[in-house]
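The values are calculated or read from the model by the stated rules, or taken from the named source; none is laboratory data. Quick caveat, the model's predicted, so the values are computed rather than measured. Don't worry about glycine lacking a Cβ; one is built from the backbone with ideal geometry, like all the others, and counts go over all protein chains shown. Calculation scope for accessible area: heavy atoms of the full protein, side chains included, ligands and nucleic acids excluded. Shrake-Rupley method; radii C 1.70, N 1.55, O 1.52, S 1.80 Å.
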Amino acid sequence: MGYRRLSRPHEWRRTRRDIGADVDEEIAFHLEMRTEALMAGGMEREAAAAQAAREFGDAPALRRTLSRSDARRQRRWRGALWLDDLRQDVRFAVRSFRREPGFTTIAVATLALGIGAAVAIFTVVNTVLLRPLPYPTHERLVQVAPSVNFNIALSREVAAATPSLAAASGLSLWTMTLTGDGDAARLTGQAVGSDFFRVVGVQPALGRPFRADEQEPGTSGVVILSWSTWTTRYGADPAVIGRRIHVEGGNHRDREVIGVMPRGFAPPLTARPDEVAFWIPLSLAAGRTVATDSTWYVNQVVGLLAEGGSAETATAEVRAALAGVREEHGALIGEEHVRQAAVVPLRDSMVGDTRTTLLMLQGAVVLVLLLACANLANLLLARGDRRRQELAARAALGGTRARLVRELLTEGAVLAALGAAAGLVLADVLLQLLRVADASGLPRAAELAMDGRVVGFAVAVAALAVLAFALLPALRATRGDLRPDVAAAGRPQGRTRGSRRIGAVLIAAEVALALTLVAGAGLLLQSVRTLRAVDPGMRTEGVLSLEVTLPPAEYDGNRPRAFFALLHERLAALPGVESVGAIHLLPFTGSNWGFPYLAEGHAPPSGAPLPAANFRIATPGYFETVSMPVLAGRTFDGTDVADGSALVINRAMAEQLWPGEDAVGREIRIFGSMPARVVGVVGDVHQHALDQAPLPEMYRPLSQWHVTTMVVMLRTSGDPRRLADAARAVVRDIDPHVPAEARALAEVLDDSMTQRRFFARTLTFFGLLALALGSVGVYGVMSYATSARLPEFGVRMALGASERQVLGTSLRSAMLPVAVGVAAGVLGALATTRLLESLLFGVQPDDPRVLLASAGVLAAVSMLASFWPALRATRAEPMRILRDG
Amino acid sequence: MTDSMDLIRGTVDMLILRALAEEALHGYGVSQWIRGRTAGTLELQDAALYQALRRLEERRLVSAEWGVSENNRRARYYTLTRAGRKRLASEAAAWSRYAAAVSQVLTPLGQEG
């Protein structure tokens, strides 16, 4: 060979400096040899060296080039080595898991639960809080807030006066009747300004958007269909464009279809976007001004920020515009409306108040994940103890500790990867189980989907989880003397003091985590129950609501009154109906009419608008049907003829206007000009939210006010839903073109609490999951610890300790960590309830019942776990225990 | 011109492979071998030689490891790999054909001269 090989271990570990040194050495060797050769030929050393250097060429340049290429090669080699190692580790891990299917199943299942829960909630957080709105213009979409009703003229004027908004559109939700091409149906449509499509950046898939000149009654008889309406009702026939269809409402009986929106388009600011069936233009007669426009149903105004425009500049402009209107038209706009008006990003205004609760939910779910990791850490700790011999063998074959730890971490990573995959599937199931998409009341819930970011989150969580649950066990399993003879003692050596301390810490941690979660869930549940128990002001059990919409064009003048009078008669005659009455707006839905008024004995406020109260139209029998108490005077009856001026007010209004006095007989001028006399006072109804004080309300009888929609209430003794078909049939009998929608009133009330109920049931689910995980974990740690102490118990008993003493020792050693855990858990629970205070209603945050119950469960579990094996031990012979270990 | 550079590089590589065909050598040894065999006609700049050695290493035609020379100095020794041996054989054959062809073209001149 000509040379002796030099062994250089850790070739792959050379640093840049090492590489440079090697190259130097190689070059130096060459130069030295050439110098010596020249010297052998008679040259002086210096001259020889110089000659050698000249012959060599540019040594420094060569050094640089060679260093670079060597470093590059080293990097590639290292990478390949590392990849090889990884592949080997993974194969090893998979093999060892296949040998222990029980352990693997439990481990993966635990991880899947933890990761799945975290991913499920993150999907919701992602959809509602993180993902941009599904419109091309989402970055510049804003809303004029707060959402107070404008009229069309005002919304247009505000839009025109804000150059920071490139386009703006009012929005209003309408229910209109569609006939022809199928059953008569009441569908929800959205009335929008002509700029709406520009604001959202979406054009109709077929046909065209509204034109600027289609905003007056003469020209606004057009309609754009939603994709699903077009496919289900019109068979996706493109020839529907240009047809006139019968859709009653908004001053038109039929309209021309001019377009179809793209599939999946979900309009903003609607609770159920997939239920919006069509769009019509907001239509105002020419010449109407803000003062003469009575179309106060524009619920929201959305806009598109112009290039260079910002929410701040737009806000200033809107305030200026509103202030200007106030100056010109006085009492139409309140001063606080001007002050509070603002332009906010649309997503913020849609999502706003759910942010805190969603983040809290995410935090809760992370706790569940930590519990799962704690369980897994315990499993791996025990497994590490079992594998001491195997690890010793590997160490003897040349594995360094770092290498072994890396192998064990790789095993953890394989478990985490399996857990993450299963967790993603589980998350999907969880989301359906919790009914997020359809029954959570969350904004944007319809958009729920697992996208790339969710998968990325799952991967990240799995990676962090590996560190959480695998690192400590890996370090512990490879610690100390791994020599085969030492490890072959077989007995779980792991019960050193340090090991016992880890077990205790794990127990305390699991107990604390589980308690915190369970406490939060319990309190939230309790608050929902309490909220439900609040008296809404009327009895909803046994009441069916029937929403009847008369086509306004046909029912003018007295005809609505006649219709509803007949309807009352016929409905009252149905078997099982105890009472009938009607009101023109369904309670608990947020639908509201608010009118200003002037009250007797009260001077009109100077420089401020008139006070306003909720306004309702009711028929005789309404208050009795929904069991609203009559506190003074009477309710409506046959004496309220058409030219009368009867008024019923609620207690809040009576107390506010004439505290301590009799309100009956007093006069109130609606709008400041229309006189009415109070004939009775009824109880309050929590119209908007059960945990807010009721607002002043006034009622006028249908006989003295013209409306074409009424919600008829029927009271029955059994399930009100059984009456639905019969009631609808009665309406059809009187007029087959009139649609009627029936709902149990109790359901309507429940719906108003949907979001709160969603949070309660979700947190409950996770609380129970935490309790289960915590119990399993605590049981596992405890029984393992106790089993490991059996030799000690055997010795004690051999030395004369009684069974009771041994059991006592065992139990006592269990109680300390549990006690610590309970203490920490209580602190955690207290902290959580502070957070929950915004959601809690009627529940004192320091309510101890739920906490005590959960602590009891966990303590019981851990006592059982430390009792049972100890009991078995005391029954067996001490010598056998010592022998068998 | 690129062609001639490649040609030159190819030739250098072939010489190095040939040098290593009999025994493993360090860089200086290769340089000596080439000088010796060509009786000084072909002198390779040593810097270029080392670059060529690295190139061949990268293409796995030679492998290198550190060793101790006869005079007890540390040196990096280069060995021909099996792939290198095969390449040498095919390059040598190609070169012979090429040289023969050029000879064919040029020889009439010489003979006449």
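Given (1) touching a helix residue (DSSP H, G or I) at 6+ places or on another chain (Cβ under 9 Å); (2) at pLDDT below 90; (3) open to solvent by less than 60 Å² (accessible area, probe 1.4 Å), identify the lone condition not met by A:ARG45.
(3)
Contact list please: Cβ distance under 8 Å, first residue in segment A:568-589 and without any contact (Cβ under 8 Å) to a residue 12 or more places away in the chain, second residue assigned to a helix (DSSP H, G or I) and of a type in the set (A, V, I, L, M, F, W, C), pairs at least six apart or on different chains.
As it stands, the answer is none, since no pair meets every condition given.
Give just the number: which of (1) under 30 Å from A:LEU773 (Cβ atoms); (2) open to solvent by less than 20 Å² (accessible area, probe 1.4 Å) does A:VAL351 not satisfy?
(1)
Any residue in segment A:225-233 that is basic (Lys, Arg), over 25 Å from A:PRO345 (Cα atoms) and at pLDDT below 90?
Checked against the condition, which is being basic (Lys, Arg), over 25 Å from A:PRO345 (Cα atoms) and at pLDDT below 90, segment A:225-233 yields at least one hit.
Of all residues in segment A:22-53, which are among the charged types (D, E, K, R), more than 10 Å from chain B (Cβ to nearest Cβ) and part of a helix (DSSP H, G or I)?
Once the filter is applied, which keeps residues that are among the charged types (D, E, K, R), more than 10 Å from chain B (Cβ to nearest Cβ) and part of a helix (DSSP H, G or I), segment A:22-53 yields A:ASP24, A:ARG45, A:GLU46.
Any residue in segment A:96-103 that is over 37 Å from the mean Cα position of the chain (by Cα), away from every other protein chain (no Cβ under 14 Å) and of a type in the set (Ser, Thr, Tyr)?
yes
Quick check: is even one residue across segment A:76-93 within 13 Å of chain B (Cβ to nearest Cβ), open to solvent by 60 Å² or more (accessible area, probe 1.4 Å) and free of Cβ contacts under 8 Å to residues at least 24 places away in the same chain?
Yes, segment A:76-93 contains a residue that is within 13 Å of chain B (Cβ to nearest Cβ), open to solvent by 60 Å² or more (accessible area, probe 1.4 Å) and free of Cβ contacts under 8 Å to residues at least 24 places away in the same chain.
Mind checking whether some residue in segment A:129-137 is basic (Lys, Arg), closer than 30 Å to A:VAL365 by Cβ and away from chain B (no Cβ under 14 Å)?
Yes - at least one qualifying residue is present in segment A:129-137.
Out of B:VAL102, B:VAL68, which single residue is under 25 Å from A:ARG8 (Cα atoms) and of a type in the set (A, V, I, L, M)?
Just one listed residue meets the conditions, B:VAL68.
Is it the case that A:ALA277 is farther than 20 Å from A:ASP213 by Cα and open to solvent by 10 Å² or more (accessible area, probe 1.4 Å)?
no
Does A:ALA167 qualify as being closer than 24 Å to A:ARG198 by Cα and within 34 Å of the chain's Cα centre (by Cα)?
For A:ALA167, the condition - closer than 24 Å to A:ARG198 by Cα and within 34 Å of the chain's Cα centre (by Cα) - is met.
Output the residues belonging to segment A:799-810 that are open to solvent by 60 Å² or more (accessible area, probe 1.4 Å) and assigned to a helix (DSSP H, G or I).
Passing the criteria: A:GLU803, A:ARG804, A:GLN805.
Among residues belonging to segment B:14-28 that are open to solvent by less than 40 Å² (accessible area, probe 1.4 Å) and within 12 Å of chain A (Cβ to nearest Cβ), point out the one that is farthest from B:TRP66 (Cα to Cα).
The selected residue is B:LEU20.
Exactly one of (1) touching a Ser or Thr at 6+ places or on another chain (Cβ under 8 Å); (2) open to solvent by less than 20 Å² (accessible area, probe 1.4 Å) is unmet by A:GLN755. Its number?
(2)
Identify the residue in segment B:29-53 that is buried (at least 17 other Cβ atoms within 10 Å of the Cβ) and either β-branched (Val, Ile, Thr) or more than 13 Å from the chain's Cα centre (by Cα) (or both) and, among all such residues, is farthest from the other protein chains (Cβ to nearest Cβ).
Once the filter is applied, the top-ranked residue is B:ILE34.
Within segment A:255-273, take every residue that is touching a helix residue (DSSP H, G or I) at 6+ places or on another chain (Cβ under 8 Å), modelled with pLDDT of 90 or more and outside any loop (DSSP other than H, G, I, E, B) and give me the one that is surrounded by the most Cβ atoms within 10 Å (Cβ to Cβ).
Filtering segment A:255-273 for residues that are touching a helix residue (DSSP H, G or I) at 6+ places or on another chain (Cβ under 8 Å), modelled with pLDDT of 90 or more and outside any loop (DSSP other than H, G, I, E, B), the one surrounded by the most Cβ atoms within 10 Å (Cβ to Cβ) comes out as A:VAL260.
So which residues in segment A:613-632 are open to solvent by 30 Å² or more (accessible area, probe 1.4 Å) and not in a strand (DSSP E or B)?
A:PRO620, A:GLU624, A:SER627, A:PRO629
For segment B:54-73, give me the residue count where each residue is facing another protein chain (nearest Cβ under 7 Å) and hydrophobic (A, V, I, L, M, F, W, C).
Number satisfying all stated conditions: 2.
For B:ARG82, are the conditions met, namely being within 14 Å of another protein chain (Cβ to nearest Cβ), free of Cβ contacts under 8 Å to residues at least 60 places away in the same chain and not aliphatic (A, V, I, L, M)?
No.
Before we move on, is A:GLY644 open to solvent by 50 Å² or more (accessible area, probe 1.4 Å), more than 24 Å from A:SER172 (Cα to Cα) and in a loop (DSSP other than H, G, I, E, B)?
no
Could you check segment A:210-240 and list, in sequence order, the residues that are over 15 Å from A:PHE196 (Cβ atoms) and in contact with a Lys or Arg (Cβ under 6 Å, 6 or more places away or on another chain)?
A:GLY221, A:TRP227 - these are the residues of segment A:210-240 that are over 15 Å from A:PHE196 (Cβ atoms) and in contact with a Lys or Arg (Cβ under 6 Å, 6 or more places away or on another chain).
Confirm whether A:VAL511 is under 18 Å from A:ARG728 (Cβ atoms), β-branched (Val, Ile, Thr), open to solvent by less than 10 Å² (accessible area, probe 1.4 Å) and not in a loop (DSSP other than H, G, I, E, B).
no
Exactly one condition in (1) at pLDDT 90 or above; (2) under 30 Å from the mean Cα position of the chain (by Cα); (3) under 24 Å from A:GLY287 (Cα atoms); (4) of a type outside the set (Phe, Trp, Tyr) is not met by A:ARG198; state its number.
Single failed check for A:ARG198: (3).
Residues of segment A:1-21 being open to solvent by 100 Å² or more (accessible area, probe 1.4 Å), modelled with pLDDT of 70 or more and part of a helix (DSSP H, G or I), which ones?
Passing the criteria: A:ARG13, A:ARG16, A:ARG17.
Taking into account only those residues within segment A:56-73 that are of a type outside the set (Lys, Arg), touching a helix residue (DSSP H, G or I) at 6+ places or on another chain (Cβ under 9 Å) and without any contact (Cβ under 8 Å) to a residue 40 or more places away in the chain, which is surrounded by the fewest Cβ atoms within 10 Å (Cβ to Cβ)?
Top of the filtered list is A:ALA61.
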